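Read the structure below first, then the notes.
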Amino acid sequence: MNELMSGSSQVGGPFALPDQWGKTRSLADFRGKLVLLYFGFASCPDVCPTDLAVIGEALRRLGPQAEEVQPLFITLDPLRDTPEVLREYVAAFHPSFVALRGSEAETRDIATRYKVFFEKVSQGQGYAIDHMAFTFVLDREGRYVAFLPPGTRAERMVAMVRQVL
């Protein structure tokens, strides 16, 4: 089954947002590649960097097959995650990562289509973002195939990617 159904609505859909270099990138730009899509934020203290490190490790383990995979990161915190912050953040995990940043409204719209819950939560003088932390696997046509829960090991991610490729 290529699409997960939740009630009567499917998971995912097309989007277009500026990347960490300011170039607008759409999901269609990555047609032909398997996409690993992750929603998070750069100042996340634990789950985001852990999961993004696993994605990077999985890509390294895939060797030449990694050329067929595009990791995408969509920030849930466009106010703090400037293009400069995103460039530095995703580069720490793997050079092929593309980070996308939209307005709060665009982010909410895309997250809703992917069934991603997130909300700002007051924390001291600032805020944190509580969020669902799944890695979405999209096929070569950009259609939802599966998700990997937080804490998925690199070996499992590699096996899933190879199965979908």
Scan (1) small (Gly, Ala, Ser); (2) out of contact with any Asp or Glu (no Cβ under 8 Å at 6 or more places or on another chain); (3) closer than 16 Å to residue 51 by Cα for the single condition residue 126 breaks and write down its number. (3)
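Go through 16, 66 for me and flag whichever is under 24 Å from residue 139 (Cβ atoms), touching a strand residue (DSSP E or B) at 6+ places or on another chain (Cβ under 6 Å) and without any contact (Cβ under 8 Å) to a residue 40 or more places away in the chain. Walk me through it before giving the result.
Details: 66 fails: touching a strand residue (DSSP E or B) at 6+ places or on another chain (Cβ under 6 Å).
Testing whether each residue is under 24 Å from residue 139 (Cβ atoms), touching a strand residue (DSSP E or B) at 6+ places or on another chain (Cβ under 6 Å) and without any contact (Cβ under 8 Å) to a residue 40 or more places away in the chain leaves just 16.
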Count - residues of region 47-100 that are basic (Lys, Arg) and either touching a His at 6+ places or on another chain (Cβ under 9 Å) or not in a helix (DSSP H, G or I) (or both): 2
Suppose we keep only residues that are open to solvent by less than 30 Å² (accessible area, probe 1.4 Å) and touching a residue at least 60 places away in the same chain (Cβ under 8 Å) within region 69-95. Which one would you say is farthest from residue 138 (Cα to Cα)? 86
Any idea which of (1) over 18 Å from residue 155 (Cβ atoms); (2) at pLDDT 95 or above is the one residue 45 doesn't satisfy? (2)
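Restricting to region 129-165, and then to whatever is among the acidic types (Asp, Glu) and closer than 21 Å to residue 13 by Cβ, can you tell me which residue is most open to solvent (accessible area, probe 1.4 Å)? Break it down into steps so the answer makes sense when it comes.
Pass one, region 129-165, residues among the acidic types (Asp, Glu): 130, 139, 141, 155.
Keeping just the survivors that are closer than 21 Å to residue 13 by Cβ gives 139, 141.
Working: 139: 20, 141: 92 Å².
Filtering first and then ranking leaves 141.
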Scan of region 33-54 for residues that are surrounded by fewer than 22 Cβ atoms within 10 Å (Cβ to Cβ), among the hydroxyl-bearing types (Ser, Thr, Tyr) and under 18 Å from residue 82 (Cα atoms), ordered by number: 43
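Among what's in region 135-157 and is assigned to a strand (DSSP E or B) and not β-branched (Val, Ile, Thr), pick the residue that is farthest from residue 62 (Cα to Cα).
Taking the candidates together, the pick is 144.
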Could you tell me which numbered condition residue 101 fails, if it satisfies all but one of (1) touching a residue at least 60 places away in the same chain (Cβ under 8 Å); (2) open to solvent by less than 50 Å² (accessible area, probe 1.4 Å); (3) under 15 Å from the mean Cα position of the chain (by Cα)? (2)
Taking region 101-134 and keeping residues outside any loop (DSSP other than H, G, I, E, B), of a type outside the set (Phe, Trp, Tyr) and farther than 21 Å from residue 16 by Cβ leaves 119, 120, 121, 122, 123, 126, 128, 129, 130, 131
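The values are calculated or read from the model by the stated rules, or taken from the named source; none is laboratory data. Keep in mind that this is a model prediction, so the values were computed, not measured. Virtual Cβ from ideal backbone geometry, glycine too; neighbours counted across all protein chains shown. When the accessible area is computed, the model is the full protein with side chains, heavy atoms only, and any ligands, DNA or RNA have been set aside. Shrake-Rupley method; radii C 1.70, N 1.55, O 1.52, S 1.80 Å.
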